[in-house]
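Here is the structure we will look at.
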Amino acid sequence: MTDIRQQIETLRREIRRHDRLYYVEAAPEISDRQYDRLMDELKALETAHPELITPDSPTQRVAGEPVEAFATVTHAAAMLSIDNTYDHESLREFDRRVRRGLDGRAPGGYVVEPKVDGVAVNLRYENGRLVLAATRGDGRTGDDITANVRTIRVIPWRLRGDDGGVPEVVEVRGEVFWPTALFLQANARRVEQGLEPFANPRNGAAGTLKQLDPAVVKERRLSFVAHGFGEISGDLPERASQLAARLERWGVPFSGETTIVADIDAAWEAIEAFAAIRHTLPYAVDGAVVKVDRFDEREDLGATSRFPRWCIAYKYEAQQARSVLLDVDFQVGRLGTITPVARLTPVQLAGTTVSNASLHNFDQIERLGVRIGDTVVVEKAGEIIPQVVEVVDGRRPPDARAIGVPGACPVCQGPVARDEGGVYLRCVNPECGAQLRERLRWFAGRNQMDIEHLGPALIDQLVDTGLVKHFADLYTLTDEQLTPLERMGRQSARNVVEAIAGSKDRGLARVLAGLGIRHVGGRAAEILAETFGDVDALAAAGPEDLVATHEIGPVIAASVRRFFDSGAGRDTIERLKAAGVRMTADRAAAGAAPLAGKMVVITGTLSGFSRAAATAAVKAAGGRTASSVSAKTDFVVAGDSPGSKADKARALGVEIIDEAEFVKRLKA
Ligand SMILES: [Zn+2]
């Protein structure tokens, strides 16, 4: 038993370490799949030994129920903002003010840390447990966003202070941010789904924290980095940097870029050094913060009504530049979305040369009133994607031209149509070469059919030479056809053919995800595959059957129907089937799990499980849970005071079981 306990603890430590590498350092050491394997191993051990499940286990990080509205909470210690400065001289002036405030003494060191462009939050731990997470709000009161924050993997639910030194109350302050790479992926998906992209990672993170459904927050994969403290009880160490180091040992992520320096000259050097590397960090940074390190000196210095006097933010120059719009190109995406891209005279922006920028869509062009020849302001949104933000007045040349909306696809010359919302223009030719390229890349991608060796350069050649006109054509490629292509030898051709053949058995969920059916991402594809089992059952499902599926809404249902009702969709399925691609769900793997394919509703209070633990146990046993009873529910677990869900279950004739029976079924 001790062995298993140790094994579980080791796995949890490993998973937490990888969470941190992934979300805070942006330097993962293992693939997503290896990570999932660790998680599966932990879940399996915990399912076999439910008595060893602890609330702070990574498996327990399931999203709670949606809330109606956020409660307002009063901060124990006000959340002040930080005064800003923009040049070296004002930074020296700050140092002089600090010395005056300390009766002429030099402060005992400064801390310099990145100013992360995220959303400020306060995390309150009582006896080491996270009891409240709140937004800054107006500085005195904020929103209680605990349920959302609990879905953020790097934020510990419990501080791992094993030396017993965790203060009774400790409030950690920091920034919730959307890691740049994950933000870009999410935005690309939004565009594919016809949704308005977020302007930058900060707006995206702020909008996400305001979501009432924690499941949405969990899916967005936000991260967090700590930088300060609110209320703290008990004896403090002398320095903030010591407290930070202690909390870091207990699991709170602080920035690895923080430096402790002796004086303001060294602080300035640190700021300059940091400016050179800040674009390599996983989060957007708009400056550096300099803080007095010693707590007693902070106390002596105090605060104005708005800012603490012991810290200052040095902001890097705004990442904007002027350029001239030379022309507009149109790019065609995987689902036919046509995006206008501005071609600019090259300008330096945030350390890179920018010669094109996004114009997003045709509404945006109209809003800006921009013409070819105009002088425009280009900005790096969240310092990542350059975009045209405004037209400079009075600089329009007489020969400025309006930007035309293309009447045909710029790649295939096929017909185009406006989206339902009217914002996006799409090429509607299913044979469009541009779309085919993008679709094949997506299809071969790691989270879809995962075809190794089938990279963008090879896909381009396959499309250009006409060897591949359809997904299914991949499966009939031969060594002889591939060998003559550029950068291809006999051995690499054989590797490609083998990798393609190896993808035939990925299962229905990945095929569905790979086909690029609008609104059907990886998660929806998995649910559809699990629920319907094989492609024929799915193709035969009416809109009402689809909507009755947990988590499948009317938009996804309509899109799935459109796909299976279209000639092109049916043809795709038939051809893939004929090519030997497996079109059934992965029941083989799930079959071994005791609750495989079962939909469970839990109601009332259970004596041996928290709600989160019960949900996790169902999931670990291969089942899924829903918050309301429907005809799709296999059984309801009723604890004490079960309420209306049990009534509904009786009305629908759904089986109701007690906790003892539930425990039995988890192990069956
Ligand atoms: Zn086209």
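The values are calculated or read from the model by the stated rules, or taken from the named source; none is laboratory data. Every value quoted in this text rests on a predicted model; they were computed, and no experiment measured them. Note that each Cβ is placed from the backbone with ideal geometry, even for glycine, and that neighbours are counted across all protein chains shown. These accessible areas exclude ligands, DNA and RNA; they are computed on the full protein's heavy atoms, side chains included. Shrake-Rupley method; radii C 1.70, N 1.55, O 1.52, S 1.80 Å.
Overview of values
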{"quantity": "Scan of region 448-466 for residues that are among the aliphatic types (A, V, I, L, M) and either closer than 25 Å to ARG523 by Cα or at pLDDT below 90 (or both), ordered by number", "calculated": "MET449, ILE451, LEU454, ALA457, VAL463"}
{"quantity": "All positions within region 326-370 that are within 27 Å of the chain's Cα centre (by Cα) and more than 26 Å from CYS412 (Cβ to Cβ)", "calculated": "LEU349, ALA350, GLY351, THR352, VAL354"}
{"quantity": "Helices (runs of 4 or more DSSP H) completely within region 153-245 that count 3 or more residues being open to solvent by 40 Å² or more (accessible area, probe 1.4 Å)", "calculated": "180-192, 214-220"}
{"quantity": "Boolean, VAL388 is away from the ligand (no atom under 15 Å from the Cβ), open to solvent by less than 30 Å² (accessible area, probe 1.4 Å) and in contact (Cβ under 8 Å) with a residue 12 or more places away in the chain", "calculated": "yes"}
{"quantity": "Condition met for ASP374 (acidic (Asp, Glu), more than 23 Å from GLU317 (Cβ to Cβ), touching a residue at least 40 places away in the same chain (Cβ under 8 Å) and more than 16 Å from the ligand (Cβ to nearest atom))", "calculated": "yes"}
{"quantity": "First in region 297-317 and at positive phi, second anywhere and assigned to a helix (DSSP H, G or I), Cβ under 9 Å, 6 or more apart", "calculated": "GLY302/GLY101"}
{"quantity": "Test: residue in region 353-369 that is in contact with a helix residue (DSSP H, G or I) (Cβ under 8 Å, 6 or more places away or on another chain), modelled with pLDDT under 95, open to solvent by 20 Å² or more (accessible area, probe 1.4 Å) and not hydrophobic (A, V, I, L, M, F, W, C)", "calculated": "no"}
{"quantity": "Neighbours by Cβ (under 7 Å, 6+ apart or cross-chain): first from region 434-452, within 12 Å of the ligand (Cβ to nearest atom); second not in a loop (DSSP other than H, G, I, E, B)", "calculated": "ALA434/VAL332; GLN435/VAL332; GLN435/CYS427; LEU436/VAL463; ARG437/ILE459; ARG437/ASP460; ARG437/VAL463"}
{"quantity": "Top-ranked residue of region 461-474 - restricted to ones that are away from the ligand (no atom under 16 Å from the Cβ) and in a helix (DSSP H, G or I), ranked as nearest to ARG334 (Cα to Cα)", "calculated": "PHE471"}
{"quantity": "Where ALA499 falls short, out of the listed (1) within 23 Å of GLY433 (Cβ to Cβ); (2) open to solvent by less than 30 Å² (accessible area, probe 1.4 Å)", "calculated": "(1)"}
{"quantity": "When residues of region 395-413 are limited to those that are open to solvent by 60 Å² or more (accessible area, probe 1.4 Å) and not basic (Lys, Arg), the one farthest from the ligand (Cβ to nearest atom)", "calculated": "PRO398"}
{"quantity": "Test set (1) farther than 26 Å from ALA199 by Cβ; (2) buried (at least 16 other Cβ atoms within 10 Å of the Cβ); (3) hydroxyl-bearing (Ser, Thr, Tyr) - THR304 fails condition number", "calculated": "(2)"}
{"quantity": "Members of region 391-405 that are under 21 Å from HIS360 (Cβ atoms) and modelled with pLDDT of 90 or more", "calculated": "VAL391, VAL392, ALA400, ARG401, ALA402, ILE403"}
{"quantity": "Only listed residue being within 30 Å of ASN429 (Cβ to Cβ) and surrounded by fewer than 17 Cβ atoms within 10 Å (Cβ to Cβ), chosen from ALA568, ALA631", "calculated": "ALA568"}
{"quantity": "Residue in region 98-120 that is hydrophobic (A, V, I, L, M, F, W, C), in contact with a strand residue (DSSP E or B) (Cβ under 6 Å, 6 or more places away or on another chain) and over 30 Å from GLU272 (Cα atoms) present", "calculated": "no"}
{"quantity": "Some residue of region 414-432 being over 29 Å from VAL370 (Cβ atoms) and within 16 Å of the ligand (Cβ to nearest atom)", "calculated": "yes"}
{"quantity": "Those helices (runs of 4 or more DSSP H) lying entirely in region 566-668 with at least 3 residues assigned by TED's automatic domain parsing to the domain that holds GLU544 and under 24 Å from GLU544 (Cβ atoms)", "calculated": "567-578"}
{"quantity": "Of the criteria (1) modelled with pLDDT under 85; (2) in contact with a helix residue (DSSP H, G or I) (Cβ under 8 Å, 6 or more places away or on another chain); (3) open to solvent by 30 Å² or more (accessible area, probe 1.4 Å); (4) not aliphatic (A, V, I, L, M), which one GLY433 fails", "calculated": "(3)"}
